[in-house]
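Written out below as structure tokens is the structure these notes cover.
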Ligand SMILES: *Cc1c(COP(=O)(O)O)cnc(C)c1O
């Protein structure tokens, strides 16, 4: 949370303007801040990231099949299915759990219209290869960048990648506006449809051409975003310290796999995934999850199960062959991570884990 007084100060003028939603002064102020922070020409903010993703799909007029990852929060796959499209699941890389770009091309058919990859845990996708494949086959690319706020790769912000990138500003993310989300893009032609789709499809005249939804970000959300944006680099720096402490504790244990950091990426440390090898450790992910829970420490089984195994997907497509994703989903835990987490608490969490693993 930003300092309470700063949020109160920020919302005060809303009592003068009586402007509560519909792209008011707070929305405009937040927008300016984000354009600058992301270094992009265009942005549109919405009430949450999920709605933003559905609107991105509608604005690009996607049809048929979309190649995506099953190793993500259900929202990514839900947006595809709810838009009447068929998700085609690509396996993930062992190394950073993003889409394995060597496996994309064999999944392309004449029905494929787009690729929707996820920068999962803030591990940025192999964007160069995705761009090459998309160009070659005439496909659109929408990144689910919900985990990638504040990150750069090769000096570019993740907001600059693909046709559109979605960010989530949900309360649980690195950066939040209570609920919220946005789409960043470079093609100016998308501005009008994106704006219309988020407010019922309304545009200048009285007719509605595009069947839109209501996904407007309100002024209180925007004000929270304005306040948090001032502190996001501080939040990220504090998270980095936490991750370094985790690495010191868990970095050299045979059977515990951590993601390696790449030197061309500036990370936001949004999640700390740990993969447990049962053969080597004699205990599995569920054992560790339970031992931590018994001590009131709540790790998450992110991302388990794979979205491709969820009932809403099994009702619309045939099973996917994604052995790596399956293995990681069965063995991964994300450990507690937030900017106010005490380093001593991290030592305690790691002590519980290492004690179990050495027995
Ligand atoms: C949080 C999240 C979303 C959805 O964002 P909301 O703002 O919560 O609607 C989508 N995709 C991923 C990968 C997420 O983690």
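The table below gives the values:
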| quantity | calculated |
| --- | --- |
| Given (1) closer than 28 Å to residue 224 by Cα; (2) away from the ligand (no atom under 11 Å from the Cβ); (3) part of a helix (DSSP H, G or I), number of the condition residue 43 does not satisfy | (3) |
| All positions within region 59-76 that are away from the ligand (no atom under 16 Å from the Cβ) and within 16 Å of residue 165 (Cβ to Cβ) | 59, 60, 62 |
| Residue count for region 236-272, restricted to those that are free of Cβ contacts under 8 Å to residues at least 40 places away in the same chain, assigned to a loop (DSSP other than H, G, I, E, B) and out of contact with any strand residue (DSSP E or B) (no Cβ under 9 Å at 6 or more places or on another chain) | 4 |
| Qualifying positions in region 303-327 - touching a strand residue (DSSP E or B) at 6+ places or on another chain (Cβ under 6 Å) and surrounded by 17 or more Cβ atoms within 10 Å (Cβ to Cβ) | 308, 320, 322, 325 |
| Test: residue in region 167-177 that is more than 16 Å from the ligand (Cβ to nearest atom) and modelled with pLDDT of 95 or more | no |
| Candidate set: region 139-155, residues that are more than 11 Å from the chain's Cα centre (by Cα) and either crowded, with 23+ Cβ neighbours inside 10 Å or closer than 21 Å to residue 30 by Cα (or both); chosen: the one nearest to the ligand (Cβ to nearest atom) | 142 |
| Inter-residue pairs, beta-carbon under 6 Å, first within 15 Å of residue 269 (Cα to Cα) and in contact (Cβ under 8 Å) with a residue 12 or more places away in the chain and in region 159-184, second away from the ligand (no atom under 12 Å from the Cβ) and assigned to a loop (DSSP other than H, G, I, E, B), 6+ apart | 174/268 |
| Hits in region 156-166 - residues which are within 16 Å of the ligand (Cβ to nearest atom) and under 19 Å from residue 96 (Cβ atoms) | 158, 161, 162, 165 |
| Residues of region 1-18 that turn out to be in a helix (DSSP H, G or I) and either surrounded by 11 or more Cβ atoms within 10 Å (Cβ to Cβ) or more than 30 Å from the chain's Cα centre (by Cα) (or both), as a count | 11 |
| Residue 95 vs. criteria under 19 Å from the mean Cα position of the chain (by Cα), under 25 Å from residue 136 (Cβ atoms) and more than 15 Å from the ligand (Cβ to nearest atom) | yes |
| Search result, residues across region 179-209 that are more than 19 Å from residue 21 (Cβ to Cβ) and crowded, with 18+ Cβ neighbours inside 10 Å | 184, 185, 190, 193 |
| The listed residue being at pLDDT 95 or above and within 16 Å of the ligand (Cβ to nearest atom), out of 180, 212 | 180 |
| Members of region 82-115 that are over 19 Å from residue 321 (Cβ atoms) and part of a loop (DSSP other than H, G, I, E, B) | 83, 84, 85, 95, 96, 110 |
| Unique match (being assigned to a helix (DSSP H, G or I), within 16 Å of the ligand (Cβ to nearest atom) and without any contact (Cβ under 8 Å) to a residue 40 or more places away in the chain) among 79, 52, 56 | 79 |
| Residues within region 300-332 that are in contact (Cβ under 8 Å) with a residue 40 or more places away in the chain and in a loop (DSSP other than H, G, I, E, B), tallied | 9 |
| Matching residues, region 261-285, being over 19 Å from the mean Cα position of the chain (by Cα) and closer than 26 Å to residue 173 by Cβ | 263, 264, 275, 276, 285 |
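This table checks each residue for (1) in contact (Cβ under 8 Å) with a residue 40 or more places away in the chain; (2) more than 17 Å from residue 76 (Cβ to Cβ).
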site	(1), (2)
97	yes, no
104	no, no
108	yes, yes
112	yes, no
116	yes, no
122	yes, no
129	no, yes
135	no, yes
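The values are calculated or read from the model by the stated rules, or taken from the named source; none is laboratory data. In this text the structure is predicted, and so the values were computed from the model without any measurement. We place every Cβ from the backbone using ideal geometry, glycine too, and count neighbours over all the protein chains shown.
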